[in-house]
Amino acid sequence: MKKNVLGIFILLVAIFVITAVINPKFLNAYNMQNLIKWSSLYAVMSLGVAFVIITGGIDLSIGSVVGLVSVVLSICLKLEGMDPWSAIGITLVLSLGIGLLHGLLITKAKVQPFVVTLCGLLVYRSMGRWLTDNQSIGPMPYEDDAGYKNLEQIQGLDFLFSGKIALGSFNLPTPALFILVLSIAAAVFLRRTIWGRYLFALGNNEEGTRYSGINTDRMKILAYVLCSLFAGIAGILFAFELDSVQPAQTGEFYELYAIAAAVLGGCSLRGGEGSVLGVVIAAAVIRLIYNSINMVGISTHLEFGILGLVILLGVIGDEFLKKAVARKQAAQKT
């Protein structure tokens, strides 16, 4: 396990043990199931933004993409004659299109990523509210929905995206399987393919990467497409988990959690660094902090402050660890 991943893993274990000691109910099956479920949902978004941060970019629109995808999916599932799997396909294509638009604006129009994705944050949130007249909507039928089409298929999707698999006395949330598959795919892509190595090279030295013959614009576009795709998958998972999508609230501030998890997990905002395992563990730390605040009995009014302090201390500790390792390696060479 790499040093940066080890640091965040130690933080995860420390918070886990302290919370379990203070409140033994923390370890009950129901709480563990919820912790795994929400950690998995947040980790999906965090993995997406990691692709962009590795290249030295940023994406502030993730939360709004999650919200818009949830809204579009819910609308499509209510359309007469619409196959549920076609609705899933439409939302994923929408996500890919958003990522492609971001990439083209950044590479061809030369607009700063911060500006492009900040505008996206505002536009996609407004679109979701406009499409629903700012009313709640859900992929699953409400009690007063008469003649709901493809109910059996939609219930099957509900189990796939937000169900539980019985493992003895423990029920494993299905989002955990999604993050497992996506994490493996992301790790293989970043570490075992030429495109993954190009993304790291782009983040380390964009000019040098361009002079080496690599199409840096194409790699940037790929990073933003992957980021939005992961946000789209997260939007589908959140839609079925929440049952009722709130256009003004679903996905709100999620981009901050995703970016925080990516940075805490070892992705440098300067680019060129990142670890899939670190990002997944960091997403779990963020959800664990929220859970621990409730379990320990700390006022929820302090949750954002505590989360911010933990992330800040974690990043500072990671920087000190990196410097210590670098000094040790330099000393060994001399």
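The values are calculated or read from the model by the stated rules, or taken from the named source; none is laboratory data. Everything numeric in this text was worked out from a predicted model, so none of it was measured. FYI the Cβ positions are ideal-geometry reconstructions off the backbone, even for glycines, and counts take in every protein chain you see. What goes into the accessible areas is simple: the full protein's heavy atoms, side chains included, and nothing from ligands, DNA or RNA. Shrake-Rupley method; radii C 1.70, N 1.55, O 1.52, S 1.80 Å.
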**Report entry** Residue pairs meeting the criteria (Cβ under 7 Å; at least 6 apart or on separate chains; first without any contact (Cβ under 8 Å) to a residue 12 or more places away in the chain and over 13 Å from Ile54 (Cα atoms), in the stretch 194-223; second of a type outside the set (S, T, N, Q) and open to solvent by less than 50 Å² (accessible area, probe 1.4 Å))
**Finding:** Thr209/Ala201; Thr209/Leu202
Query raised in the report: Among the candidates Ile293, Ile306, Ile298, Ile281, which residue alone is in contact (Cβ under 8 Å) with a residue 40 or more places away in the chain, open to solvent by less than 70 Å² (accessible area, probe 1.4 Å) and not polar (S, T, N, Q)?
Result: Ile281
Requested in this report: Within the stretch 58-91, count every residue that is in contact with a helix residue (DSSP H, G or I) (Cβ under 7 Å, 6 or more places away or on another chain), open to solvent by 10 Å² or more (accessible area, probe 1.4 Å) and either of a type outside the set (A, V, I, L, M, F, W, C) or without any contact (Cβ under 8 Å) to a residue 24 or more places away in the chain (or both).
Outcome: 2
Requested in this report: Could you tell me whether Leu27 is surrounded by fewer than 19 Cβ atoms within 10 Å (Cβ to Cβ), farther than 28 Å from Leu269 by Cβ, over 17 Å from the mean Cα position of the chain (by Cα) and not charged (D, E, K, R)?
Outcome: yes
Report task. Working carefully through the options Gly103, Gly81, find the one that is modelled with pLDDT under 95 and over 18 Å from the mean Cα position of the chain (by Cα). Result -> Gly81
Query raised in the report: In the stretch 127-145, is there at least one residue being in contact with a Ser or Thr (Cβ under 8 Å, 6 or more places away or on another chain), within 20 Å of Glu255 (Cβ to Cβ) and either β-branched (Val, Ile, Thr) or exposed (fewer than 15 other Cβ atoms within 10 Å of the Cβ) (or both)?
Result: no
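Test of understanding: among Glu241, Glu273, which residue is open to solvent by 20 Å² or more (accessible area, probe 1.4 Å), not in a helix (DSSP H, G or I) and not aliphatic (A, V, I, L, M)? Can you show your working first?
Working: Glu241 fails: not in a helix (DSSP H, G or I).
Answer to the check: Glu273.
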Report summary line: With criteria (1) part of a helix (DSSP H, G or I); (2) more than 17 Å from Phe114 (Cα to Cα), Ala248 comes up short on (1)
